[in-house]
Ligand code: AHR
């Protein structure tokens, strides 16, 4: 006993000597972001899913964006509900080249499917030299690459007695044919016709031209053109370059389909997942709350498949049976505001939520699992998280419906982590009420949203330090500082080190919005800007990627130190248990270089040569489609010692990734 006491006492003195030495070496420092109270522990487990992506069909992110379909209004379902000047033939042009004539109409009497009521009817009265037809300019023209193949398909039926020959081509604005194929429409019932088009030249402003060259009548619908080279060559797939960028981020999860798109502009516009699965010609198209149209071609199956393809957890967010409180433009004029599903429709709605879980996770023999299998995915998708509600106004109507859905899902699927919602702001009435609703029901996680000035982020680096660990965890589902300059991104980076430090309570976080198409943005601060052929990665994207590709599941609070009075610095140290790697992040949001002290003595057997990424530059610098390389990360290797000063460049985020040779630390 005596001997043991001596051993433990000598250990205690050794520890005290080490502590003394530590504070002698770093006289005015304490662990980054911590309060000045002495800490006894050196670290903690944090969420392995901290950094993921938020995808919403805003800014033409889906149709005309990530969804690789090249034809706009392919099913003739655009309508004045989308936009007052849109109609069934928007983005289509009736064409009668070289002395042909006939007529083009839209009909609804015998559609391909009741969900897809409109279709085009061509009456070819005089074929002339080239035929009678239609042209589609895509989403502001169709970009094609020489040698690439494009998959054309359309539903068609012959309405007159003889089969109708049809020429499909891609043409330049001057009418030069750069790809062509022929099909013969010879069915009296709707049938899917396909053709492959190979581009003989590159061109960024082609149109699809469909010319019927036999006298008679023909009906057309769901006219589609995809590059064969979609992401992973999937059918009905995603634009390869954009999808690859998202894949390269290695996000731990993807939230979809929104955002406000989820709860929709009025009850009839809520995003109902069942409308977005199955054959594309059977999906229900509708108005997009952001002022355009959604085909649902990128639907739940495609979202889940993409998540699986890139190793991200799917995080669908379903409406809490109430529509967006801004419905009908409530924020501008007297709109309809939040509307709630009538109580007598709630059981059916709850079943819809439960059916999603069966669709995603049920065996292929189950009713909904069978539909997933029929679509090409017999294995379950392993859904773990479901969000209920998107920044809804926390009214009694919301609360009642949220609780009904929550209770039903929890009872039937205790394995699913449900995420509640806390309104659109970082604080205030809805925020408080949302938290009360979630806390009272023991909801595992709650979704917070806020968009703020960079200064707000820098002044709130410690927001989550004081959060009650006994309350629900946080999913910071939408956040961004207002702007895409380097300063904005660095402010976000500093904030993200605070998320890592609080990764025991902040379990997930996603920057928003993700994608924005040039000339079609409804939200000005976005992560990735693009047009039909170019992409501009904002500094914010680079910051996000530096965090998403360098996530950890254990946080150390005794490795990086700084002068606590200097709020221009922030840092974090995490371990990725899968690789054993130790990851250091340093943020300096000032305009001069500053040092932070690092002490790696917690770790043994690490490689002194470490991978380093630095993002730095002028605070006001930003990337554009024309100048996408103004701010880019620089990759290198550095040597790290047991104790060293890291000189963080002015306005910078640095990530240093250290390999551990043996997993023992
Ligand atoms: O991210 C853009 C929008 O911001 C989302 O649709 C909404 O949830 C939030 O108000």
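Can you tell me which residue within the range 53-73, out of those that are within 14 Å of the ligand (Cβ to nearest atom) and closer than 11 Å to residue 297 by Cβ, is surrounded by the fewest Cβ atoms within 10 Å (Cβ to Cβ)? Restricting to residues being within 14 Å of the ligand (Cβ to nearest atom) and closer than 11 Å to residue 297 by Cβ, the top hit is 62. Within the set 526, 465, the sole residue that is in contact (Cβ under 8 Å) with a residue 24 or more places away in the chain and either in a loop (DSSP other than H, G, I, E, B) or closer than 18 Å to residue 56 by Cα (or both) turns out to be 526. Each residue in the range 436-456 was checked for being away from the ligand (no atom under 16 Å from the Cβ) and in contact with a strand residue (DSSP E or B) (Cβ under 6 Å, 6 or more places away or on another chain), and 5 of them qualify.
Is it the case, given these coordinates, that residue 444 is surrounded by fewer than 24 Cβ atoms within 10 Å (Cβ to Cβ) and over 23 Å from residue 649 (Cα atoms)? Walk me through it before giving the result.
Numbers: surrounded by fewer than 24 Cβ atoms within 10 Å (Cβ to Cβ): yes; over 23 Å from residue 649 (Cα atoms): yes.
Here the answer is yes, as residue 444 does meet what is asked.
Suppose we filter 426, 481 for residues that are within 14 Å of the ligand (Cβ to nearest atom) and more than 18 Å from the chain's Cα centre (by Cα); which single one remains? Can you show your working first?
Numbers: 481 fails: more than 18 Å from the chain's Cα centre (by Cα).
Result of the check over 426, 481: 426.
Checked against (1) closer than 30 Å to residue 60 by Cβ; (2) crowded, with 22+ Cβ neighbours inside 10 Å, residue 521 passes all but condition (2).
For the range 609-641, the set of residues classified as loosely packed, with under 13 Cβ neighbours inside 10 Å and in a loop (DSSP other than H, G, I, E, B) consists of 620, 626, 627, 629, 641, listed by residue number. Any idea which residue in the range 578-595 is surrounded by the fewest Cβ atoms within 10 Å (Cβ to Cβ), counting only those that are without any contact (Cβ under 8 Å) to a residue 60 or more places away in the chain and touching a strand residue (DSSP E or B) at 6+ places or on another chain (Cβ under 7 Å)? The residue in question is 593.
Anything in the range 542-571 that is more than 15 Å from residue 491 (Cβ to Cβ) and outside any loop (DSSP other than H, G, I, E, B)? List them, or say none. Across the range 542-571, the qualifying residues are 545, 548, 554, 555, 556, 560, 561, 562, 563. Going by the conditions given, is residue 475 in a strand (DSSP E or B), within 16 Å of the ligand (Cβ to nearest atom), surrounded by fewer than 24 Cβ atoms within 10 Å (Cβ to Cβ) and in contact (Cβ under 8 Å) with a residue 24 or more places away in the chain? For residue 475, the condition - in a strand (DSSP E or B), within 16 Å of the ligand (Cβ to nearest atom), surrounded by fewer than 24 Cβ atoms within 10 Å (Cβ to Cβ) and in contact (Cβ under 8 Å) with a residue 24 or more places away in the chain - is not met. Looking at the range 216-318, the strands (runs of 3 or more DSSP E) lying wholly inside it that each contain 2 or more residues that are within 16 Å of the ligand (Cβ to nearest atom) and not assigned by TED's automatic domain parsing to the domain that holds residue 155 sit at 253-256, 286-288, 292-294, 313-318. Taking the range 394-417 as the range and being touching a helix residue (DSSP H, G or I) at 6+ places or on another chain (Cβ under 7 Å) and surrounded by fewer than 22 Cβ atoms within 10 Å (Cβ to Cβ) as the test, the residues that pass are 399, 404, 408, 409, 412, 413, 416.
Taking each residue of the range 67-90 that is free of Cβ contacts under 8 Å to residues at least 24 places away in the same chain and looking for partners that are crowded, with 24+ Cβ neighbours inside 10 Å and assigned to a loop (DSSP other than H, G, I, E, B) with beta-carbon atoms closer than 7 Å, six or more apart or interchain, yields 87/78; 90/73; 90/78.
Is one or more of the residues making up the range 149-167 within 30 Å of residue 538 (Cβ to Cβ), touching a residue at least 24 places away in the same chain (Cβ under 8 Å) and surrounded by fewer than 22 Cβ atoms within 10 Å (Cβ to Cβ)? Step through it out loud before you land on a result.
Narrowing the range 149-167 to residues within 30 Å of residue 538 (Cβ to Cβ): none.
No, that holds for no residue.
Are any residues in the range 173-204 surrounded by 16 or more Cβ atoms within 10 Å (Cβ to Cβ) and within 35 Å of the chain's Cα centre (by Cα), and if so, which ones? Once the filter is applied, which keeps residues that are surrounded by 16 or more Cβ atoms within 10 Å (Cβ to Cβ) and within 35 Å of the chain's Cα centre (by Cα), the range 173-204 yields 178, 179, 193, 195, 197, 198, 199, 203.
The values are calculated or read from the model by the stated rules, or taken from the named source; none is laboratory data. Quick caveat, the model's predicted, so the values are computed rather than measured. Methodologically, a virtual Cβ is constructed for each residue, glycine included, from the backbone with ideal geometry; neighbour enumeration extends over all protein chains shown.
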